[in-house]
Amino acid sequence: MKKGRVLTIILMSCLSSISALYAAGDAAKGEQTFKAQCMICHGEKGQGDGAAAVALNPKPRNFSSEEFCKADVVALKTSIKNGKNAMPPFGSALSAEQIEDVFAYVRNFCPKAAK
């Protein structure tokens, strides 16, 4: 009986941690930060087609792509913080909370089935 409780507690803890990775952040606040900091490259709808995208190689990420929507959450948040490819790091320009908010907002570009 004790084994069952311990396994249940472990499972609940794991599910809670996974849920926190996806649910952290305020998408409404993230939208404002996205428009101010990200839209120039990623575009209004997050498709990697912003005004500055033409000058970038590789092109900015398309937030509605299956690749993005199924990618590792921690790696994606790390790329916001530390930068990746042509994207500069935002770890010193944005707080950890703002990064969570932006991530919550851009996840809304994913089709429902891919989340």
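The values are calculated or read from the model by the stated rules, or taken from the named source; none is laboratory data. The structure displayed is predicted, hence computed values, not measured ones. Cβ placement follows ideal geometry from the backbone for every residue including glycine, while neighbour counts extend to all protein chains displayed.
Residues are listed down the side, and each one gets a yes or a no for (1) surrounded by 14 or more Cβ atoms within 10 Å (Cβ to Cβ); (2) among the small types (Gly, Ala, Ser); (3) closer than 18 Å to Ala27 by Cα:
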residue	(1), (2), (3)
Ala55	no, yes, no
Lys59	yes, no, no
Met87	yes, no, no
Lys112	no, no, yes
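Residues of region 29-72 that are of a type in the set (Gly, Ala, Ser) and touching a helix residue (DSSP H, G or I) at 6+ places or on another chain (Cβ under 8 Å): Gly30, Gly43, Gly46, Gly48, Gly50, Ala51, Ala52, Ala53, Ser64. If you filter region 31-71 down to residues that are part of a helix (DSSP H, G or I) and without any contact (Cβ under 8 Å) to a residue 12 or more places away in the chain, you find that the one that is nearest to the chain's Cα centre (by Cα) is Glu67. Among the residues of region 72-84, is there at least one that is part of a helix (DSSP H, G or I), over 10 Å from the mean Cα position of the chain (by Cα), under 22 Å from Gly50 (Cα atoms) and modelled with pLDDT of 95 or more? Within region 72-84, one or more residues are part of a helix (DSSP H, G or I), over 10 Å from the mean Cα position of the chain (by Cα), under 22 Å from Gly50 (Cα atoms) and modelled with pLDDT of 95 or more. If the condition is being outside any loop (DSSP other than H, G, I, E, B) and either in contact with an Asp or Glu (Cβ under 8 Å, 6 or more places away or on another chain) or among the small types (Gly, Ala, Ser) (or both), then region 85-99 contributes only Ala96.
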